[in-house]
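Rule-based calculations on the coordinates, nothing more; no lab input. Remember, predicted model here, so these are calculated numbers, not experimental data. Neighbour counts run over all protein chains shown; Cβ positions are idealised from the backbone, glycine included.
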Amino acid sequence: MRTRYPHDAYCPKPEHHFTFGLWTVGNPGRDPFGDAVRPTISAIQIVNKLAELGAYGVCLHDNDLVPMDATAAQTERILREFTGALRETGLKVPMATTNLFYDPVFKEGAFTSNDARVRAFALQKTMKSIDLAVELGAETFVLWGGREGVETNAAKKPQDAIKRFREAVNFLCEYARDNHYAVKFALEAKPNEPRGDLFLPTTGHMLAFIYTLDHPEMVGLNPEVAHEQMSGLDFSHAVGQALEAGKLFHIDLNGQKPGRYDQDLRFASEDQKGAFFLVKLLEDAKWSGMRHFDSHPYRTEDEQGAWDFAFYSMRSYLILKEKVAQFYADAEIQDLLEEQMRLAETSVGKLGCTFQYSNRLATAIKTHPFALERLRTQGFNYERLDQCTTEILMGIR
Ligand code: GCO
Ligand code: MN
Ligand code: MN
C-alpha cells in the first residue's frame, strides 16, 4: 500500500537542507546474519525520488556510484547520467566520501595499515574520490575510518596508528591545496564496529587530533548520533563542543538505543528528548550546514518502506523544530530561563560576573566573603523546567 504523505506544515523542502547518502535509502538490508531483502535502487532513481520528497541533496561514497572495477568508458557514462539527473531535479551533492572499508585489501586498516602498499593505495583511492567529489560540486569531504582499528594491540602501537593517520590527512590537505580545490575535510569518529576498537573513537578525540595537523583550518568534524551514544555519551555535548570550536562541518543524524551495535535507526525514532535537544542546539546556533541522515530503513521494509523512512526522517526534524519554537514561546519556560539568565549575569558584589584574570581581581576574589549558606540551600527549578519540556514533547502543552 502506497503511503499518502500529509501536506502540512512539516513538509520537507529544499530550503531545509536535508540530505541522504546513496547508501542510506539505497541500503538493501543486508546484515551479518542475512542477505539483502530489497533490490538495488539505482542512483538515478534515488536522485529523482529524493527530489520528489523535498530533500536538498544526496551524498555518496565513490563506489556507491562508480563500481571499483568500472572501466573509463563505464565511469564516463555513469557520471554523465548521474549529473544529468542532478541537473533535471536540482538536487545537489554537498558531501562525498571514499569507501575505505569494504574491499578486503583494507582488512588491517587503510591509512593506519602496517603495510605501506595498503596505505599508498588508500591515498590513491581517496585522491580519486576527492577529484570526483569536486567534479560533483561537493564542498565537504568526509573521512570515516571504518577499518582504522584493531582486534588486538599486539601488532600495532596506537601512537603509530595516529602518526600514520596524521600523515594521510596532511597528505590529502596538501593534495587539495595543490589542485586549488575548495573542499574541506570532516572527520567522523566511531568507537568500534566493524573493528573491535577504532582509533580516535569519539568526536572529542578527533577534535584534539585536528589541532596537531599541518592545516587544522581545513579539517573539522562529522559527528554521528549513534556513534557518540555507543560510547554512552550525550551527543549534544559533542556537537556543542564542535560548534563552539567552529568545527561542525557536517553531521550524521540517526537514532540509536543505548548500549547496542550501530543501529542506524531513523532519526528521532529513539530518544526523542535527545533528538529535541539536538535540533534545539543546531537551530539556536543558526547552524547553516546540511541536515544529513546517515541511517537505514528497517530490514522489514520493501522499497516503499525505504521512501517512508526518508520522508519521516525529515518530517521528524521539522516537527522537533516546531517544538523548539513552542519551547521558547512557553511563558512558564521563559520565566524559568530568565531566572537562570539573571543568576548568570548578576554581579557578585564588586567582582562582576565574568572573571578575567588580573592580579587585583585575584586578590578581590580571595578576600570576598561568600554567603555560602544561601548558595547551599538555593534550588534551581530544573525539575519544573524539565517537566515543561517533557510535556511539550508529550504533546499536552
Ligand atoms: C557507519 C558510518 C558510515 C559513514 C559513511 C560516510 O557507521 O557505517 O556512519 O555510514 O558515515 O561511510 O563516511
Ligand atoms: Mn556516519
Ligand atoms: Mn554509523
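Quick notes
- Think of the chain as having a plus end and a minus end, set by charges on the Cβ of Lys, Arg, Asp and Glu; of SER113, PHE327, LEU79, SER113 sits farthest toward the positive end of this dipole.
- Footprinting exposure proxy for CYS353, CYS11, CYS173 (fewest neighbouring C-beta atoms within 10 Å first): CYS353, CYS11, CYS173
- Sequence-distant aspartates and glutamates (8 or more away, or on other chains) whose Cα lies within less than 15 Å of LYS156: GLU108, ASP115, GLU148, ASP197
- Gyration tensor verdict on the chain (Cα atoms; rounded if a/c is under 1.5, prolate if a/b is larger than b/c, oblate otherwise): oblate
- Packing order of peptides 312-323, 83-94, highest average first: 312-323, 83-94 (average count of other Cβ atoms within 10 Å over each peptide's residues).
- Computed magnitude of the charge dipole of the range 257-397 (debye, nearest 20; Cβ of K, R +1, Cβ of D, E -1): 820 debye
- Partners of LYS350 within straight-line reach, counting lysines whose Cα lies under 19 Å from its Cα and excluding those fewer than 8 residues away in the same chain: LYS366.
- Neighbour-count ranking [beta-carbon atoms within 10 angstrom, fewest first] of GLU283, GLU52: GLU52, GLU283
- A Gaussian network model of the chain, with springs between Cα atoms under 10 Å, assigns the largest mean-square fluctuation among ALA55, ALA110, ALA120 to ALA120.
- Under the Karplus curve 6.51 cos²θ - 1.76 cosθ + 1.60, θ = phi - 60°, whole-Hz ³J(HN,Hα) for the range 145-150, x wherever Gly or Pro sits: x, x, 10, 7, x, 8
- Helix screen, the chain: DSSP H segments with Cα axial length of 24 Å or more and mean Kyte-Doolittle hydropathy at least 0.0 are 116-135.
- Electrostatic tally near LEU187: other residues with Cβ closer than 13 Å to its Cβ, Lys and Arg +1, Asp and Glu -1, net 0.
- Among ARG38, ARG342, ARG30, residue whose mean-square fluctuation peaks in a GNM of the chain (springs only between Cα atoms under 10 Å): ARG342
- Counting only residues at least eight positions apart within a chain, or on another chain, the aspartates and glutamates with an alpha carbon under 13 Å from that of LYS13 are GLU52.
- With K and R counted +1 and D and E -1, the other residues having a Cβ less than 15 Å from that of ALA285 yield a net charge of +2.
- Calculated [222 nm] ellipticity per residue, helices only, for the chain: -14500 deg cm²/dmol; basis is -39500 (n - 2.57) per DSSP H run with n ≥ 4, divided by all residues, nearest 500.
- Considering only PRO194, PRO369, PRO104, the Gaussian network model of the chain with Cα springs below 10 Å gives its largest mean-square fluctuation to PRO369.
- Taking Cα centre as origin and charging only the Cβ of basic (Lys, Arg, +1) and acidic (Asp, Glu, -1) residues, the dipole magnitude of the chain rounds to 620 debye.
- Pairs from LYS92/LYS273; LYS247/LYS321; LYS163/LYS190; LYS190/LYS247 whose Cα-Cα separation, in the structure shown, is over 21 Å: LYS92/LYS273; LYS247/LYS321
- With the cut-off at under 12 Å, measuring from each backbone N in the range 14-52 to a point 7 Å along the Cα-to-Cβ line of THR83 picks out no residue.
- Charge context of GLU52, other residues only, Cβ under 15 angstrom, K/R +1, D/E -1: +2
- Centroid-to-centroid separation of the range 4-82 and the range 317-362 [C-alpha atoms, Å]: 43 Å
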